[in-house]
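Worksheet: the structure to be examined is printed underneath.
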Amino acid sequence: MEHPDDPRSDPSTPGIDLTRTALGIEFGSTRIKAVLTDPSGAVLASGGHTWDNRLVDGVWTYSIDEVETGLRAAYAALAEDLRATRGVELTTVGAIGVSGMMHGYLPLDDRGRPLPAFRPWRNTITAESSAALSALFGLNIPQRWSISHLHRAVTGSEEHVGGIARITTLAGYVHWRLIGRHVLGVGEASGVFPIGASGRSFDTDMIAAFDGVVTAPWSLADILPEVAVAGREAGRLTESGSALTLAGLMRSHLFSLFASMAHGIRVLRRCADVPIDSMSAHGGVFATPEIPQRALAAAFDTPVSVAATASQGGTWGMSLLAGYLLWGRGRALEDSLDREIFADARSVTITATAQEVAEYGRYLERFIAALPVQAAAVEVF
């Protein structure tokens with residue numbers, strides 16, 4: 001899958017064009033790993049997170065919640081490795097690929113929520129279904145394949161079967177969370193259901209044979225994921241998908257930090273016709289250079305200036321007010337600040353791009369739409 005960011009190289013990363021890097025993510029049996037490579041295949045940075053399966057009600061499983069937290073941790077470790085070893089901030093990548101233990105069973109409902117606990121390859125509870133499907137297809141179907149687990153669930157009348165909208169693997173689930181599409185690479189897909197003679201899609205004759213021997217409220221073809229071959233784009237990283245990374249999570253926090261003020265600015269512009277040419281920002285959040293300032297500029301659609309003292313927050317402001325008592329010399333406060341404090345102050349001004357303004361605008365629309373929910377919660381609780 002490709003990242004949708006601006007395809008320009010980052011001038012702050014000498015020798016590394018981040019838009020021509022590839023990020024590989026693997027959900028292994030004991031570790032979630034991430035690696036960043038350049039066009040030659042050389043490893044630029046790596047990171048990881050340890051996790052493990054557990055036995056729950058006789059089934060080996062992994063926590064779906066840890067899929068998200070583990071991915072963020074692995075990505076954060078990779079970003080820190082890149083920063084520490086090469087002095088480069090990871091702001092974008094060119095492409096992303098995901099793998100995840102292969103095989104296993106992860107059925108989803110129509111909202112993409114896992115139904116029973118994820119059943120990875122380690123479970124060997126489908127012997128009867130494996131034998132029945134091997135005879136039906138004339139092809140060996142291992143116990144760990146997704147179709148063996150699905151057959152067992154259907155023939156065993158498991159409660160979740162009626163709610164299945166999709167079946168996938170762990171890698172497929174992560175793909176869906178990142179890009180909003182149910183798609184698997186052909187190698188991963190071959191552990192879900194047999195691939196046809198073309199090598200590009202599931203075997204349609206075997207799909208028909210399966211539908212002919214099971215009773216379910218869906219057709220198998222409708223719940224299987226799409227198959228993609230190597231070199232084919234499987235989708236684009238979505239806004240919600242980017243939030244799965246630590247950077248995306250922090251960006252969502254930044255967006256929410258400025259949302260109420262951005263809503264107020266909209267109201268002022270619309271109702272009071274208040275022009276805003278530029279703004280100066282101050283506060284501890286600006287100890288991190290550029291990132292929060294750029295988010296604020298996008299939120300207000302206005303150039304934002306941040307002085308070198310901005311990260312000192314309210315304490316700096318209070319010291320100026322106290323000092324005005326001593327050094328004001330009878331001048332008005334605004335004149336004293338302009339002449340004595342701000343005249344020679346070092347500052348950086350950032351103007352958000354049209355793309356950044358539009359992205360924040362979409363976020364703000366969702367924020368405003370959710371305000372009635374917040375009001376209702378206040379009334380109830």
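Across segment 335-361, the qualifying residues are those that are exposed (fewer than 12 other Cβ atoms within 10 Å of the Cβ) and charged (D, E, K, R), and the one among them that is nearest to residue 296 (Cα to Cα) is 346. All of (1) within 32 Å of the chain's Cα centre (by Cα); (2) crowded, with 16+ Cβ neighbours inside 10 Å; (3) in a helix (DSSP H, G or I) hold for residue 206 with one exception: (1). Within segment 79-127, the set of residues being over 17 Å from residue 176 (Cβ atoms), in contact with a Leu (Cβ under 6 Å, 6 or more places away or on another chain) and not polar (S, T, N, Q) comprises 79, 82, 88, 90, 93.
Could you go through segment 70-89 and let me know if any residue there is within 26 Å of residue 106 (Cβ to Cβ), in the same structural domain as residue 28 (by TED's automatic domain parsing) and acidic (Asp, Glu). No, segment 70-89 contains no residue that is within 26 Å of residue 106 (Cβ to Cβ), in the same structural domain as residue 28 (by TED's automatic domain parsing) and acidic (Asp, Glu).
Inclusion of residue 116 among residues that are in contact with a His (Cβ under 7 Å, 6 or more places away or on another chain) and at pLDDT 90 or above is not warranted. Number of residues in segment 84-118 that are touching a helix residue (DSSP H, G or I) at 6+ places or on another chain (Cβ under 6 Å), crowded, with 23+ Cβ neighbours inside 10 Å and not in a loop (DSSP other than H, G, I, E, B) equals 3. Residues of segment 134-154 include none that is hydroxyl-bearing (Ser, Thr, Tyr), at pLDDT 90 or above, under 22 Å from residue 62 (Cα atoms) and assigned to a loop (DSSP other than H, G, I, E, B). Criterion applied to 221, 243, 216 was being surrounded by 17 or more Cβ atoms within 10 Å (Cβ to Cβ) and either at pLDDT 80 or above or of a type outside the set (Lys, Arg) (or both), and the one residue passing it is 243. Quick check on residue 368: is it β-branched (Val, Ile, Thr), assigned by TED's automatic domain parsing to the domain that holds residue 257 and either touching a helix residue (DSSP H, G or I) at 6+ places or on another chain (Cβ under 9 Å) or within 23 Å of residue 89 (Cα to Cα) (or both)? Taking the combined requirement at face value, the residue satisfies it.
In summary, residue 44 fulfils each of the numbered conditions (1) buried (at least 19 other Cβ atoms within 10 Å of the Cβ); (2) more than 19 Å from residue 85 (Cα to Cα) with the single exception of condition (2).
Residues in segment 94-139 that are farther than 30 Å from residue 41 by Cα and of a type in the set (A, V, I, L, M): 106, 108, 115, 117, 125, 127, 131, 132, 133, 135, 136, 139. Quick check, is residue 127 farther than 27 Å from residue 214 by Cα, in the same structural domain as residue 70 (by TED's automatic domain parsing), over 23 Å from the mean Cα position of the chain (by Cα) and without any contact (Cβ under 8 Å) to a residue 40 or more places away in the chain? Judged against the criteria, residue 127 is not a match. Please work out if residue 196 is without any contact (Cβ under 8 Å) to a residue 24 or more places away in the chain, surrounded by 15 or more Cβ atoms within 10 Å (Cβ to Cβ) and more than 23 Å from residue 66 (Cα to Cα). The answer is yes for residue 196.
Here residue 179 meets each of (1) in contact with a Lys or Arg (Cβ under 7 Å, 6 or more places away or on another chain); (2) exposed (fewer than 15 other Cβ atoms within 10 Å of the Cβ); (3) in contact (Cβ under 8 Å) with a residue 60 or more places away in the chain with one exception, condition (2).
The listed residues are 152, 200, 144, 166, and the only one of them that is among the basic types (Lys, Arg), assigned by TED's automatic domain parsing to the domain that holds residue 97 and under 25 Å from the mean Cα position of the chain (by Cα) turns out to be 166.
Selection of segment 119-133 for residues being in a loop (DSSP other than H, G, I, E, B) and either surrounded by fewer than 15 Cβ atoms within 10 Å (Cβ to Cβ) or out of contact with any helix residue (DSSP H, G or I) (no Cβ under 6 Å at 6 or more places or on another chain) (or both) yields 120, 121, 122, 123, 124, 125.
Out of curiosity, is residue 162 among the small types (Gly, Ala, Ser), modelled with pLDDT of 85 or more and surrounded by fewer than 18 Cβ atoms within 10 Å (Cβ to Cβ)? When the stated conditions are applied, residue 162 passes them.
Residue 107 passes every criterion in (1) at pLDDT 90 or above; (2) farther than 17 Å from residue 65 by Cα apart from (2).
The values are calculated or read from the model by the stated rules, or taken from the named source; none is laboratory data. These numbers were taken from a predicted model, which means no experiment stands behind them. Quick reminder, even Gly has a Cβ in these numbers, built from the backbone with ideal geometry, and neighbours come from all protein chains shown.
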